[in-house]
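Working notes, beginning with the structure itself.
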Amino acid sequence: MPSQVSLIRSSALSDVAQYAYAATAPADARLIFLAGACPLALDGATVGAGDYAAQAARCVENLVIALEAAGATLEDVLHTRVLVASTSQSDLVTAWDVVRTAFGDHDVPSTLLGVTVLGYDDQLVELEAVAAVVD
């Protein structure tokens, strides 16, 4: 079933951003609020210590699994927030490039944020999302 999410752009806003500025879902949509996807293996170990790209990729993999469990896909996502434990813009961009590539043409509204620390040992990246599906 095709996604019911509508991405909204405006010619009155810069086209430099690699995402839509807003998204909507139909009134009868079931919203799915996902916990932050972390770069954890099934055994709880942090994957890719020291590697922003590897951790971002694992976050996307874990997000996809959580979405599937809720009956959704990446195309049903309304918004993401990418948290990166770094003060370096290049580290944020490294993580963002992985997430942005995973979403392909579905360029949902997103926030990229540098933070001081994340919850697990060696964790550098976390990916939050909200999705919507019509059952």
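Could you go through the range 79-88 and let me know if any residue there is surrounded by fewer than 16 Cβ atoms within 10 Å (Cβ to Cβ) and within 17 Å of LEU7 (Cβ to Cβ).
yes
Is it the case, given these coordinates, that LEU31 is in contact with a strand residue (DSSP E or B) (Cβ under 6 Å, 6 or more places away or on another chain), open to solvent by 60 Å² or more (accessible area, probe 1.4 Å), under 19 Å from GLN123 (Cβ atoms) and not β-branched (Val, Ile, Thr)? Write out each step before concluding.
Details: in contact with a strand residue (DSSP E or B) (Cβ under 6 Å, 6 or more places away or on another chain): yes; open to solvent by 60 Å² or more (accessible area, probe 1.4 Å): yes; under 19 Å from GLN123 (Cβ atoms): no; not β-branched (Val, Ile, Thr): yes.
So LEU31 does not fit the description; no.
Name, by its number, the condition in (1) at pLDDT 95 or above; (2) over 30 Å from LEU13 (Cβ atoms) that does not hold for SER88. For SER88, the exception is condition (2).
Would you mention how many residues in the range 14-25 are closer than 24 Å to ASP76 by Cβ and not in a strand (DSSP E or B)? Before the answer, list the steps.
Just the residues of the range 14-25 that are closer than 24 Å to ASP76 by Cβ, to begin with: 17-25.
Adding the requirement that they be not in a strand (DSSP E or B) leaves 17-21, 25.
Summing the residues that are closer than 24 Å to ASP76 by Cβ and not in a strand (DSSP E or B) in the range 14-25 gives 6.
Consider GLU75 carefully, then state whether it is open to solvent by 40 Å² or more (accessible area, probe 1.4 Å) and more than 11 Å from ALA132 (Cα to Cα). Lay out the reasoning, then the answer.
Numbers: open to solvent by 40 Å² or more (accessible area, probe 1.4 Å): yes; more than 11 Å from ALA132 (Cα to Cα): no.
Against the criterion (open to solvent by 40 Å² or more (accessible area, probe 1.4 Å) and more than 11 Å from ALA132 (Cα to Cα)), GLU75 does not qualify.
Among residues of the range 105-128 that are under 15 Å from THR94 (Cβ atoms) and open to solvent by 70 Å² or more (accessible area, probe 1.4 Å), none has a Cβ under 9 angstrom from a residue that is among the small types (Gly, Ala, Ser) and in a loop (DSSP other than H, G, I, E, B) at a sequence gap of 6+ or on a separate chain. Of all residues in the range 76-93, those satisfying the criterion of being in contact with an Asp or Glu (Cβ under 9 Å, 6 or more places away or on another chain) and of a type outside the set (Lys, Arg) are HIS79, THR80, VAL82, LEU83, VAL84, ALA85. The lone criterion from (1) touching a helix residue (DSSP H, G or I) at 6+ places or on another chain (Cβ under 7 Å); (2) within 23 Å of VAL133 (Cβ to Cβ) left unmet by ALA35 is number (1).
The values are calculated or read from the model by the stated rules, or taken from the named source; none is laboratory data. Note that the structure is predicted; figures quoted are calculated from it, not measured. With ideal geometry, Cβ positions are generated from the backbone for all residues, glycine too; neighbour counts draw on all protein chains shown. We work out accessible area using only protein heavy atoms, side chains counted, and drop any ligands, DNA or RNA first. Shrake-Rupley method; radii C 1.70, N 1.55, O 1.52, S 1.80 Å.
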